[in-house]
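The values are calculated or read from the model by the stated rules, or taken from the named source; none is laboratory data. Here the structure is a predicted model, which is why all the values come from computation and not from measurement. Glycine also receives a Cβ, built like all others from the backbone with ideal geometry; neighbour counts cover every protein chain displayed. Calculation scope for accessible area: heavy atoms of the full protein, side chains included, ligands and nucleic acids excluded. Shrake-Rupley method; radii C 1.70, N 1.55, O 1.52, S 1.80 Å.
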Amino acid sequence: MMKLKQIFENFLSLFYPRSCVTCGNALLQNERHICLDCLMHLPETNFHLMENTPLDYIFMGRIPVQKVSSMLFYKKGDSVQRILHSLKYKGNKEIGNFLGEIYGRQLRQSPYFQSVDCIIPIPLHPKKMKIRGYNQSEWIAKGLSTSMDIPYLTDVLIRSEFTETQTKKSRFNRWENVKEVFAVDNVETVKGKHILLCDDVLTTGATTEAAISKLLTISDVRVSVVTLACAN
């Protein structure tokens, strides 16, 4: 069956060649989404191995978080921004799964994520889900779940209010925009658990903080945060 699938994929690639998301070059047979050269040169943060990082200070004095980490640095116009754009706006949800798997393997080697019990992606409101067709954070969670061998849950943290885009808002305005948009359900499944909250990118942290605040209303939970990228 796998041989037939590979033959079919090779046949399709003759007419619809697969290309690297970052450089645009044709992918080799065993490459997925990003060519090996681009993959090796992605700007990794290695924050998951560090005791103190700039991300840990985003929530300090505001809300208790166990650990915060991002896989990659990004800045405007770079390869990571192209990856995020492809994931979020070009329908390339599989790249979230792909990078989630890679990052999950790294997190398994980190002393700060050994006690994680479950993964919860930042949810989309049903209206936005209908427009986009998928939640990019959920696809990242799928990849993390596969390589970390822990479940991801989509029925605990709920987006109950629809909000406008956050892109051009200040931190305070972002917080005002999202502070009451989340709700929790099925709380018995995560009581006493260490939750890994995941998203695609961490900027001001306003949306993440609002989600953490709601999760911490559940009895005896701890929350850590990971994202694919953070601003450099």
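222 nm [θ] for the chain, helices only, -39500 (n - 2.57) per DSSP H run of 4+, per residue, to 500?
-10500 deg cm²/dmol
Students often get this wrong, so check it: of K88/K191; K67/K88; K93/K142; K90/K128, which have C-alpha atoms separated by over 20 Å?
K88/K191; K67/K88
Please work out the Cα center distance from the range 25-50 to the range 59-123, rounded to the nearest Å.
Taking the Cα centre of each part, the range 25-50 and the range 59-123 sit 14 Å apart.
Can you list residues whose amide H is under 5 Å from L72's amide H, if they're 5+ apart or on another chain and H is modeled 1.01 Å from N?
T45, A229, C230
Quick check: residue separation of S160 and D185 times 0.36 nm, minus the Cα distance between them. What number comes out in nm?
Extending this stretch completely gives an extra 7.9 nm.
Charges on Cβ only, +1 for Lys and Arg, -1 for Asp and Glu, centred on the Cα centroid of the chain; of T189, L55, F98, which one is farthest towards the dipole's positive end?
Checking the options against the dipole of the chain, the answer is F98.
Quick one: which of 214-223, 136-145, 49-58 comes out on top by average Cβ neighbours within 10 Å, and what's the full order, highest first?
Per-residue Cβ counts within 10 Å, averaged per peptide and sorted highest first, yield 136-145, 214-223, 49-58.
Through the Karplus equation 6.51 cos²θ - 1.76 cosθ + 1.60, θ set to phi - 60°, convert the phi angles of the range 57-65 into ³J(HN,Hα) values in whole Hz; use x for Gly and Pro.
8, 4, 9, 4, x, 10, 7, x, 10
Starting at 0 and stepping by 5 Å, how many percent of the alpha carbon pairs of the chain end up in each bin?
1, 6, 13, 18, 20, 17, 11, 6, 4, 2, 1, 0
Quick one: pull the percent of accessible area on the chain belonging to carbon and sulfur, 1.4 Å probe, ligands and nucleic acids left out.
The C+S portion of the solvent-accessible surface of the chain is 53 percent.
Counting pairs of alpha carbon atoms under 8 Å apart in space and at least six apart in sequence, what relative contact order in percent does the chain give?
21
Karplus couplings for the range 37-53 from phi (6.51 cos²θ - 1.76 cosθ + 1.60, θ = phi - 60°), rounded to Hz, Gly and Pro as x?
My calculation for the range 37-53 gives 4, 5, 4, 6, 9, 5, x, 6, 8, 6, 4, 5, 9, 9, 5, 10, 9 Hz in order.
Per residue, how much accessible area does the chain show when a 1.4 Å probe rolls over the protein heavy atoms, in square angstrom?
Ligands and nucleic acids excluded, the result is 54 Å² per residue.
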